[in-house]
Amino acid sequence: MKIALAQINTTVGDLAGNEAKILAGAARAQSEGADLALFPELTITGYPPRDLLLKRDFIAGNLAVLKRLAAASGPTALLVGYVGENKNNPGRDVTNQAALLQNGQIVATRAKTLLPTYDVFDEDRYFEPAQKNVPVSIAGQSCGVTICEDIWNDEDFWPHRRYRANPIGDLVAAGAGHIFNISASPWHVGKHKLRANMLASLARKSGRPVALCNLVGGNDELVFDGGSLVFNGAGELIAQGKTFEEDFVVVDTEHAPAISLAAPPEEEDVYRALVLGLRDYFHKCGFQSAVLGLSGGIDSAVVACLAVAALGADHVQGVSLPSQFSSQGSLDDARLLAKRLGLRYDVIPIQPPFESVKQLVKPVFGGRPEDTTEENMQARLRGVILMALSNKFGSLLLTTGKRANWRWAIAPFTATCAAGWPSSAMCQKRWSIASPTGSTATAKSSLPPPSPSRPRPSCGTTKPTRIPCRPMKLWMLFSSNMSFTGVHRRKSPNWDSSRKRSNASFV
């Protein structure tokens, strides 16, 4: 069977925009003679739609789009994700569905069976699960149609399973000759290899070709890497989509030769995930520009590089806010960085307001000697000024604090962490220096040369060193929460630390 993987970047709630992308993908698949075109999970609504699913008008709008897509469909079948209505009470009002569209009709629909409720997922809150899933006929062949989580529960790959049911096993037993999966699987470090190993194992075990079309793009705190995959019945990889960008892949599941899995360096994946998440957050939320503090340190330098890569230098403003605690070397580094990146650079000394604040609190301090209190005061003043620039010009303020900064109670009140978008807040320090390969080479070449003779303070705040950084989960890199109370995200109550290789931690 000749199939096309339309790996597109959808926007939650943008029904018209998503519809246009589906139509473009359908036209291309038909022009290339594909029997079937796969699109990502919940293609019409975007993923995850969350509380939009509680709005009746939104559900109706999504169903209207589905009807228009069906009417526009031709001989190439389309497998499209949408929100269906559950008309069998009792139960939740909607289902997470896939529709097979062909020759102007909705040929078949299938609902998602396994609904994740751990980690970043809360699907069981909204959707009614499917009670059964049987094969459908596509291009004269019996095929299994599944949605994301349905394919992540094979007992021979996962030592600890979250669900009793195995939809893939049931479909194979019912005679499905191909397994298709439309997915919105968020990315973390190592996810692409894990996904490939799982699908290869499933294809070998079942003896059937397995194809997964994954969503790509950023949505608030989530980043989807794309990286769609197709394996033949022998478990050999025969096609893969690009990672962290839209792609369109056509492959013959019976005759395509085996290929090797592309595996870029870990640092390259982290860099591209950050750039994609930042770019999509700005574009999908309607922001036009970014502002950030440039201290001359490595943390703010990396965030500046990410911002320029995502938005372009014309849309990024860097601000130096020196005080008596700022070294000349740090100021020189910040200026050089701005010059190399080509972004707007402003210098706003904070010494005058700092002295004013010291005079204000002097009677209350009662003559106590200056210590880290005064040093931290100037860091907080930077945050006030950066927030003012953000409000005045409508720019989104980017935090320049790494993950460790957020672990101290004092961090959210400093210039490095006072922001609406923590683009590097959950990065480990070891990823602060970009790898000199691939797209990160540009970022590294923009950084000022290190100098062992001078320090590079981040925000002037004294930080303890006794608390180590724990391994990161990449979905935590991106937070759209403008308040600081939402920054520290906890693990799901269902999390079991002993299940480190279970699907509970990866899907």
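General remarks:
- Summary of the geometry: the stretch 18-85 and the stretch 207-260, compared by the centres of their Cα atoms, lie 19 Å apart.
- Mean Cβ neighbour count within 10 Å, used as a protection proxy, ranking 25-34, 90-99, 72-81 highest first: 72-81, 90-99, 25-34
- Given their separation in residues at 0.36 nm each and the Cα-Cα distance between them, Asp51 and Ala263 gain 72.7 nm when the chain is fully extended.
- Each residue was assigned an accessible area with a 1.4 Å probe, and for Ile298 the value is about 40 Å².
- Charge sum, other residues only, whose C-beta stays under 15 Å from Gln131's C-beta, Lys/Arg counted +1 and Asp/Glu -1: +2
- Extension gain, Asn88 back to Lys242 (0.36 nm per residue minus Cα-Cα distance, nm): 51.4 nm
- Structure note, pairs Lys193/Lys242; Lys67/Lys132; Lys55/Lys87: Cα-Cα distances above 18 angstrom occur for Lys67/Lys132.
- Under 14 Å, Cβ to Cβ, from Glu370 - net charge with Lys/Arg +1 and Asp/Glu -1: -1
- Simple spin-label estimate for Lys392 and Ser327 gives 3.0 nm between the two label positions (7 Å along the Cα-to-Cβ direction from each Cα).
- For Val210, the shell of other residues with beta-carbons less than 13 Å away shows a net charge of +1, using +1 for Lys and Arg and -1 for Asp and Glu.
- Accessible area per residue (1.4 Å probe, heavy atoms of protein chains only) ranks Met377, Met198, Met387 as Met387, Met377, Met198, with the largest value leading.
- Per DSSP, loop trypsin sites (Lys or Arg not before Pro) in the stretch 139-176 with at most 16 further Cβ within 10 Å: Arg164
- Accessible area of Cys285 in the full protein assembly, 1.4 Å probe (Å², nearest 10): 70
- The heavy atoms of His315 present about 80 square angstrom of accessible area, all protein chains included, probe 1.4 Å.
- The label-point distance for Arg164 and Ala16, in a model that sets each label 7 Å from Cα toward Cβ, rounds to 4.8 nm.
- Modelled this way, with points 7 Å down the Cα-to-C-beta line, the labels at Ser142 and Leu336 are 6.9 nm from one another.
The values are calculated or read from the model by the stated rules, or taken from the named source; none is laboratory data. Quick caveat: nothing in here was measured; it's all calculated off a predicted structure. Positions of Cβ are backbone-derived with ideal geometry, glycine not excepted, and every protein chain shown enters the neighbour counts. Ligands, DNA and RNA are excluded from the accessible area calculation, which covers all protein heavy atoms including side chains. Shrake-Rupley method; radii C 1.70, N 1.55, O 1.52, S 1.80 Å.
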